[in-house]
Amino acid sequence: MPNLLQYRAWQGTFHSEWWSVWPIARVALGTLVSRWLFRIVGVFSLKLFLMFFFGAYLLAWFETQASAPQLGNFADAGRMIRGIRRAMQILNGSQDTFQYFFAYQGAIVVVMLSLVGSLVVGNDFTHKSLVFYLAKPINRWQYLAGKGLAVFVVVQIMTTLPALVLFAQHAFDDWDYLLNIHYFTDTVDGKGPAGILLLFAILGYGTLLSVFLSIILVATASWARRTIPLIMVWLSLFFFMRILANLLVDGLRYDPRWRLIDLWNNLTMLGQGMLGFASDDIQPKFRPELWEASLVLFGVSALCLIYLNLRTRGVEIVR
Amino acid sequence: MPDLLESADAGRRNRALETAYSAVPLAPKQAAPASEPVLLFHHVSKWYGPVIGLNQVTLELRPGITGLVGHNGSGKSTLLRLAAGQMKPDLGRVDVAGVPAWTSEAKRHIGYCPELDTFYEEMSGRRFVQAMARLVGYTRAEAHRRTENTLELVGMRDRADRPLAGYSKGMRQRIKLAQALLHDPELLLLDEPLSGIDPIGRRESIELFRELSRRGKCLLISSHELDELEKLTDHIAIMASGRIAAVGTLTQIRELLDDHPLTIRIASDQNRMLACILLEWDDVVGLDRDDRFLKVRARNPRRFFQQLGETVLDRMIEIQHLETIDESTQDVLGYLLSGK
């Protein structure tokens, strides 16, 4: 019987095991991008971004038209333009702009993740292709990190990245927006921070959304596995819970802490906090404290990670 | 007789094998000393809730090919998954090249080809193998080089750009084999590697396994294709009810089956006299005779054959035909597992 003396080991240096996280994420991203569903939802996301992007120019045009002398002959033209202008204030690059942008894009992201989550994670459990990953020199946390990174990148591309483009658009329009953190408070009806503070707020909000949605998607997709059950789970988490929380707090006048069951509300409240909203301006009016919302999100994330630990440990069990 | 079908492919495959294993300088084995088993199961038990998957299994494998056979649910897949570091045993120890099988260090020595063949269907075979190479920790260039070499090795280089969804069962097997081979592992765990492969592909795969064995690799092959397994190796581990029922060469295992005498068909120029002699031996428990053959059932085959040799020489009997008719893997497995 031959012995191992002829074994020829590779003489190069292996990358760290954590380096494998990126190839895992790339495979997941490749799978996502190749699906028409992802592209369709991506188009909606792009349309929304373009509305905000070109809406800013529309606002600037209205600003010029509001004071245009040729409109003086129209009796209500000035009032109409001022009304439109007020309505379009959310496009002025302030905290409101980004709050609305993250809220709308976030909703699209949630829809998209619920539709394609089973592709990214669920299939590995359904078809047991997780075996291929775990047979390589990586552990289950590196696998989970890879999958989470793929979701993180998708959420970042759909929320933080376009938000940064919007920020840059306003900065190019007026450098004072970038350099002066009191840019809005110095104006007549403006509020909230600008400049570097707003930049960090955008990054923080985007990261919060990305990290939380990554963890919860990987956990729920590894549990529900298939598309329809996953959609049901996400509908429950982000839609029915929201309705229930509103019903309890606004309808039945229960303690505002019942809103904590609405995870999306917790995320948007924290986001508003990051964007520098004053405590009284944070919506909804009857709401729990920000630290309570943080605690719930942290707790849910921890539970998801504990579940994932158990789920990937028991994945090989014959059913 | 020269095999025309084989020549071109075999040459190309051997070149690929040479390339795959000679692209790096020959180095002394670093993983484990020759005396150390490549795969060691030491009193390993594994439960699935109340069901026991593996029961006190002790097994040592060294370089060479070992077949793993047993009925469905006998624990073969559990044993392979434990060996591949996919899960930890509840009791006992599983070591690969001297380190626990579930560690990353051990997995660098393991190539695992699972039975399942569902991948990312929209990916091409080449991309899949390359992604697996990156997971091993190779640089992009090295991963690319190894991907090409292993695809050549399994005969898929020209067909690897098609999406996996369009692959036949045999092509999927080859891609799975490629991803298992690409990091040049010492231990190859192959779960039904011949299933679904056409006869030519089967022969190529068997040749490849033999070549890998000659190069000092340890192969543990689980298969229901007993005839093919028999062509590949006579060293088998038989599993039943979560235990290793027997390990060794078929002859060794067969010899241990005292309750199932070996059946031997003999033809000689003096059948009648030979039958009389054989009936006097303690090891012979039965004898049938027809026009041409004696069908002898004998315990302790080693002693029987030794005695038979001496006898035919002494009595000048010419043996015209001698064959054992129930020493195949199928027969041994049947005796061990079903009491037939």
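Read-outs: derived from the displayed coordinates by stated rules, not from any lab. Predicted, not measured: the structure shown is a model, and the values here were computed from it. Reconstructed Cβ throughout: ideal geometry from the backbone, glycine too, with neighbour counts over all protein chains shown.
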Practice task
Find how many whole Å separate the alpha carbon centroid of segment B:66-123 from the alpha carbon centroid of segment A:250-319.
Solution key: 40 Å
Fill in the blank from the handout: In nm, the gap between the two label points placed 7 Å beyond Cα toward Cβ at A:A87 and A:F298 is 4.3 nm
Exercise for the section: Quick one: work out the % antiparallel among DSSP beta bridges in segment B:188-289, nearest 5. Expected result: 60 percent
Completion exercise
Computed about the Cα centre, the charge dipole of segment A:160-236 from +1 Lys/Arg and -1 Asp/Glu charges at the Cβ has a magnitude in debye, to the nearest 20, of 700 debye
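Can you sort A:L119, B:L68, B:L279 by how many other beta carbons sit within 10 Å, fewest first?
On the way: A:L119 21, B:L68 27, B:L279 11.
Taking fewest neighbouring Cβ atoms as first place, the list is B:L279, A:L119, B:L68.
Which order do B:S195, B:S77 fall in if you start with the one that has the fewest other Cβ atoms within 10 Å? Don't skip to the end; give the middle numbers.
Working: B:S195 16, B:S77 22.
Ordered by Cβ neighbours within 10 Å, fewest first: B:S195, B:S77.
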Practice task
Would you calculate a helix-derived [θ] at 222 nm for chain A, using -39,500 (n - 2.57) for each DSSP H run of n ≥ 4 and dividing by the full residue count, to the nearest 500?
Solution key: -21000 deg cm²/dmol
Fill in the blank from the handout: Surrounding charge for B:R140, neighbours by C-beta under 15 angstrom, Lys/Arg +1, Asp/Glu -1, total +4
Handout entry: Antiparallel bridges, percent of DSSP beta bridges restricted to the protein assembly as shown (to nearest 5)
Key = 65 percent
Exercise for the section: Measure off 7 Å from each Cα along the Cα-to-Cβ vector at B:L116 and B:H71, then give the distance between these two points in nanometres to one decimal. Expected result: 2.6 nm
Fill in the blank from the handout: Given pairs A:K136/B:K231; A:K128/B:K176; A:K136/B:K88 and cut-off 20 Å on Cα-Cα distance, the over-length ones are A:K136/B:K231
Exercise for the section: Apply 1/(1 + (r/R0)^6) to the Cβ-Cβ distance of A:D173 and A:K285, taking R0 = 30 Å, and write down the FRET efficiency to the nearest 0.05. Expected result: 0.35
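Using only the Cα atoms of segment A:187-233, what semi-axes does the equivalent ellipsoid have when each is the square root of 5 times a gyration tensor eigenvalue? Give whole Å, largest first. Numbers along the way, then the final one.
Numbers: eigenvalues 274, 29, 5 Å².
Whole-Å semi-axes of the equivalent ellipsoid: 37, 12, 5.
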Exercise for the section: Run the quick spin-label model on A:F44 and A:L247: label points 7 Å from Cα toward the beta carbon, then report their separation in nm to one decimal. Expected result: 2.4 nm
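Return the Rg/Rh ratio of chain A with Cα-based radii and a Kirkwood Rh. Please report the intermediate quantities before stating the final value.
Numbers: Rg = 23.9 Å, Rh = 22.2 Å.
Answer for chain A: 1.08.
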Practice task
Report, in degrees rounded to the nearest 10, the 0 to 90 angle that the Cα long axis of helix A:160-173 makes with the longest principal axis of chain A.
Solution key: 30 degrees
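What number, in nm² with one decimal, is the all-direction average of the projected area of the convex hull of the alpha-carbon atoms of the protein assembly as shown?
41.2 nm²
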Problem - Compactness relative to 2.2 N^0.38 Å, alpha carbon Rg of segment B:207-312 - result: 1.39
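What ranking do A:F38, A:F132 get, fewest neighbouring Cβ atoms within 10 angstrom at the top?
Values: A:F38 19, A:F132 22.
Arranged by neighbour count, lowest to highest, A:F38, A:F132 become A:F38, A:F132.
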